[in-house]
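The structure appears right after this line, and notes come after that.
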Amino acid sequence: MPDRQQRRDQQLAATGPQDYLHAGNWLTSLYLAVICRENARVNQLAQVPVSSLRASGAEFDECIYAWVETLQHLWFGRRAVWDTLVTAVDGTDLSAPRSPAPRSC
């Protein structure tokens, strides 16, 4: 993935699962890319598999992963956006089962 430093693009090597490559950072990156109208970067981020975000070892409620999938489906115009959106919203229910110490919705 290109990394912009000093107004030039650099190619960074893929690192595989890392503790900082989690759903929270993915969401922040996506939001910033959208705000900055970096469509190519949004496209790259939208192609990151949720399984890669889970592999970081960081624990998040399932609604976070469903929200990531919702945004990915939305970006690519897939019909599955509605199913994952419902899953994400349902996951915010306080009576829904949660992980022991996750980062919540």
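The values are calculated or read from the model by the stated rules, or taken from the named source; none is laboratory data. What you see is a predicted model, and the numbers here were worked out from it, not measured in a lab. A quick note on method: Cβ atoms are made from the backbone with ideal geometry, for glycine too, and the neighbour counts reach across all protein chains shown.
General observations
- Counting the residues of region 30-46 that are outside any helix (DSSP H, G or I) and surrounded by 11 or more Cβ atoms within 10 Å (Cβ to Cβ) gives 1.
- Cβ-Cβ distances below 7 Å connect no pair with a first residue in region 32-45 that is at positive phi and without any contact (Cβ under 8 Å) to a residue 24 or more places away in the chain, a second residue that is loosely packed, with under 14 Cβ neighbours inside 10 Å and among the hydrophobic types (A, V, I, L, M, F, W, C), and a separation of six or more residues or different chains.
- Of the residues Ala14, Ala58, the single one that is modelled with pLDDT under 95, small (Gly, Ala, Ser), in a loop (DSSP other than H, G, I, E, B) and out of contact with any Leu (no Cβ under 9 Å at 6 or more places or on another chain) is Ala14.
- Region 16-75 - residue that is among the charged types (D, E, K, R) and closer than 19 Å to Thr87 by Cβ and, of those, nearest to the chain's Cα centre (by Cα): Glu69
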